[in-house]
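Remarks on the structure that follows.
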Amino acid sequence: MRPARAARRGRGFTLIEVLVALVIVAIGMVAVLSALTSSASTVGYLRDKTFAQWVALNQIATVRLQAEQSSAAPQAGNNSDGDVDFAGSKWHYRQEITAGAAPGIVRIDVKVRPADVKTENEDSGWYTTVSGMYGDALGAPRGDLPAWGTGGPGQQAASPTSPTSLGGSSDSSSSSSDSSSSSSSSSSSSSSSSGGFK
């Protein structure tokens with residue numbers, strides 16, 4: 001009896017056990033490979049989406065620079081399509097210029113997708129849409145008072161105390177009292193804050 005049991009223990013796995021183990025390993029390998037493939041395709045799509053955003057930002061910058069060099073603002077309704085090479089690929093863009101809510105401002109919308117992407121509907125398949133603004137009603141980056149709708153950022157703006165430039169009241173006594181009270185409150189707050197650090 002004992003020799004027969006020892007012989008059964010030493011003979012190894014049966015064919016059914018080996019097949020079950022192989023099936024389990026194969027299922028695990030398929031799951032791992034599908035996860036790797038999905039991850040690789042996601043990384044590729046995000047890379048292309050980032051490149052598409054850069055192409056759109058470059059196109060908006062080009063429109064702004066052309067407007068600065070020609071001293072003529074882009075006109076609403078001046079839409080265009082084109083192809084550009086970027087990062088070793090060809091990209092197709094559509095640029096739409098619409099009038100902004102304020103006078104003197106236009107909105108620039110640029111849609112981008114790879115040039116080899118073919119779609120049945122021209123409004124689908126875009127990887128990104130980037131919007132930008134241009135106009136003479138935008139403030140200068142230095143923080144100067146902008147010349148709202150008067151022809152360009154290079155022109156002198158209206159006086160800040162002028163009622164027409166700010167839309168405020170023409171009562172000079174109330175504005176002077178407000179400025180004196182605000183200066184006294186700011187001096188008191190600065191003195192109290194500096195006293196805390198001594």
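Please treat every number below as a calculation from the coordinates, not as lab data. Small disclaimer: the values here were computed from a predicted structure and weren't measured. Because the Cβ atoms are built from the backbone with ideal geometry, glycine has one as well, and the counts that use them run over all protein chains shown.
For the reader, a short list of remarks on this structure follows.
- Placing a label point 7 Å from the Cα of ASN79 along the Cα-to-Cβ direction, the residues of segment 113-130 whose backbone N falls under 14 Å of that point are 122-124.
- Net charge contributed by nearby residues that have their C-beta within less than 11 Å of ALA56 (K/R +1, D/E -1): +3
- Charge context of LYS90, other residues only, Cβ under 11 angstrom, K/R +1, D/E -1: -2
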